[in-house]
Amino acid sequence: MATKTAVSPLQKHRCAYKPVLPEILKKGACFIKPKSGKATTSVADQAAVKKMFPNTYGMPEISFVKGANPAIGKKAVKVAVVLSGGQAPGGHNVIAGLFDGLKKANAKNKLYGFLGGPSGILDNKLKEITAAFVADYRNTGGFDMIQSGRTKIETPEQLATALSNLKKNKFDALVIVGGDDSNTNAGVLAEYFKQHGADISVIGVPKTIDGDLKNDKIETSFGFDTATKIYAEMVGNICRDVNSARKYWHFVRLMGRSASHITLEVAHKTQPNITLIGEEVLAKKMTLKQIIDYLAGIIVARAKQGKNFGVVLVPEGLIEFIPEMKALIAALNDLLADHEAALSKMNTVAQKKAFIISKLPKKLADLMSSLPEGIAAQLMLDRDPHGNVQVSLIETEKLLIEMLRTKLAALKKAGKYNGKFATITHFFGYEGRCGFPSVFDATYTYALGYNAAALALNKCSGYLSSVRKLTRPAKNWECGGVPLTMMMNMERRKGKDKPVIRKALVELNGPVFKAFAKQRALWAMSESYQFPGPVQYFGPAEITEMTTYTLAFERGAKK
């Protein structure tokens, strides 16, 4: 449970801020009705997904329209909310919007929070959300109000326990705030409850700073706007430092393991010299050598102009997008598991590396041999609970630098490079997850929570809260829900085919990447750096309410 802490002046003012609510929601759930659209299908593997979700597959999209709906306000209901997965700015406002939406329909409605994420559901750890309690958290960052966790409710025993605890507490609905995995879990719970005749609705809310939970009806996940603004401020500061000192190459790794949306957005905001996009590397089937050649080409060209400095952005998950590295990681996962006993008797990284290389096919053995000792050690020693390489712990920026040093030394020896290559590395990840939400995220998350209350009161189980038309003023946003099964496909997880909400990757034919690709050659050789500065909460709307380049390009608000 959260403890009371000293309140900063900014927090005091942010708590008092009142987000603009979409007009359709202003009068409350008793004055709107869900309008059904066409039946839906999953994004892929329709037969397999339908088979696993016979009770919730094919449901229609829902839009809220004006209309008297007094029945939902007559009976008091109990709703539970849980924060699941990594933190994202705006989670507290989802709870605030959910609380206000429920109370607007009936003052006797009650909201409870499961503590510590989904494990709180299994352990039945609860706290009632009251007006006084929520007041201190409105428009603030973090998930400390009820905390979060990464427990998955997926085994028959866990599903049965979850249902039992929800019944025991007489809950009418459960709202799960999370990313693709958490909302897949929401879909599983919705199906399980219907299968067992339980009249408990399950509603999802789209959260992830990575920006990879989206489609036509979920235009962005909350937190992406704030996190990219925080990262862009730091990268912009580095760009200014680079332009001032003019003696270092800064390599910045940015959060986003499975997709490069954060890196692409920050590139648009700051215009660095080099930006690597994992999806492009994969599409072009680039080798590690080709990536090094590309980087070296720009470094050498700038050095010829006397510019031995620059900024490079690297997505956290880059290494998994490189086909040969992905093959190496897969081979290592198997080899390290198969030879665990033999490796445990070896005392040095060099011994283990030599042993592993002797077991690899020649192409992968050559690749492993070319890797710096530190990276090879990370590939071999850092394992997750399932025995797999922890890709997020691999310092890709240092791998690139070490290989660049070797490449540039060879070029210098051949008389093709006469520059200096001094480097500084950064990893910006956790810094962006719990900041005060931007005005956009504060407003968006409040609307998502208020909208989730309307879905819950209308018993729209198995739906993800959807607030759309986000490039318009907030009062004109459209609200409703999309079936969770609509976003699913089948993926191989731990040796089994499982339904999963499909991650949205950077589309190389999309407007966001195309706009970047058109400018990057100019950015490479110039100092056209942009300095976005910190997130602004007060002042002209053009800076307080600005949205991401990603959303603006994708929704046609920017050409």
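The values are calculated or read from the model by the stated rules, or taken from the named source; none is laboratory data. Keep in mind it's a predicted model, so treat the numbers as computed, not measured. Heads up, the Cβs are rebuilt from the backbone with ideal geometry, glycines too, and the neighbour counts pull from every protein chain shown.
Of everything in the range 392-425, what is more than 29 Å from Leu83 (Cβ to Cβ) and part of a loop (DSSP other than H, G, I, E, B)? Give them in sequence order.
Those that are more than 29 Å from Leu83 (Cβ to Cβ) and part of a loop (DSSP other than H, G, I, E, B): Glu395, Ala414, Gly415, Lys416, Tyr417, Asn418, Gly419, Lys420, Phe421, Ala422.
Looking for something surrounded by fewer than 23 Cβ atoms within 10 Å (Cβ to Cβ) and closer than 21 Å to Val500 by Cβ - is there at least one such residue anywhere in the range 124-137?
No, that holds for no residue.
Give all pairs with beta carbons closer than 6 Å in which a residue from the range 171-196 that is free of Cβ contacts under 8 Å to residues at least 60 places away in the same chain meets a residue that is buried (at least 24 other Cβ atoms within 10 Å of the Cβ) and not in a helix (DSSP H, G or I); count only pairs at least 6 apart in sequence or on separate chains.
Leu189/Val202
Look through the range 153-209, keep the residues that are of a type in the set (D, E, K, R) and part of a helix (DSSP H, G or I), and return whichever of them is nearest to the chain's Cα centre (by Cα).
Per the stated criteria, the residue is Asp180.
Would it be correct to say that Gly310 is assigned by TED's automatic domain parsing to the domain that holds Ala410, closer than 22 Å to Arg492 by Cβ and in contact (Cβ under 8 Å) with a residue 60 or more places away in the chain?
It is false that Gly310 is assigned by TED's automatic domain parsing to the domain that holds Ala410, closer than 22 Å to Arg492 by Cβ and in contact (Cβ under 8 Å) with a residue 60 or more places away in the chain.
Taking the conditions exactly as written (surrounded by fewer than 23 Cβ atoms within 10 Å (Cβ to Cβ) and in the same structural domain as Leu189 (by TED's automatic domain parsing)), does Ser63 satisfy them or not?
yes
Can you tell me which residues in the range 13-31 are under 28 Å from the mean Cα position of the chain (by Cα) and exposed (fewer than 15 other Cβ atoms within 10 Å of the Cβ)?
His13, Ala16, Lys18
Mind checking whether some residue in the range 518-527 is part of a loop (DSSP other than H, G, I, E, B) and buried (at least 19 other Cβ atoms within 10 Å of the Cβ)?
For the range 518-527, residues part of a loop (DSSP other than H, G, I, E, B) and buried (at least 19 other Cβ atoms within 10 Å of the Cβ): absent.
For Ile146, indicate whether it is in contact (Cβ under 8 Å) with a residue 60 or more places away in the chain, of a type outside the set (Asp, Glu) and not in a helix (DSSP H, G or I).
yes
State whether the residues of the range 335-344 include one that is of a type in the set (Asp, Glu) and either modelled with pLDDT of 90 or more or not in a loop (DSSP other than H, G, I, E, B) (or both).
Yes, some residue in the range 335-344 is of a type in the set (Asp, Glu) and either modelled with pLDDT of 90 or more or not in a loop (DSSP other than H, G, I, E, B) (or both).
Being of a type in the set (A, V, I, L, M), touching a Phe, Trp or Tyr at 6+ places or on another chain (Cβ under 7 Å), surrounded by fewer than 24 Cβ atoms within 10 Å (Cβ to Cβ) and under 21 Å from Ala227 (Cα atoms) is the filter here; which residues of the range 256-314 pass it?
The answer is Val312, and nothing else.
Going by the structure shown, is Lys307 modelled with pLDDT of 95 or more and either over 28 Å from the mean Cα position of the chain (by Cα) or not in a loop (DSSP other than H, G, I, E, B) (or both)?
yes
For Ala301, all conditions in the list (1) under 17 Å from Lys247 (Cα atoms); (2) out of contact with any Leu (no Cβ under 8 Å at 6 or more places or on another chain); (3) part of a loop (DSSP other than H, G, I, E, B) hold save one; what is the number of the exception?
(3)
Could you pull out every one of the helices (runs of 4 or more DSSP H) wholly within the range 9-116 that has 1 or more residues that are in contact with a strand residue (DSSP E or B) (Cβ under 7 Å, 6 or more places away or on another chain)?
Passing ranges, in order: 23-26, 46-52, 91-105.
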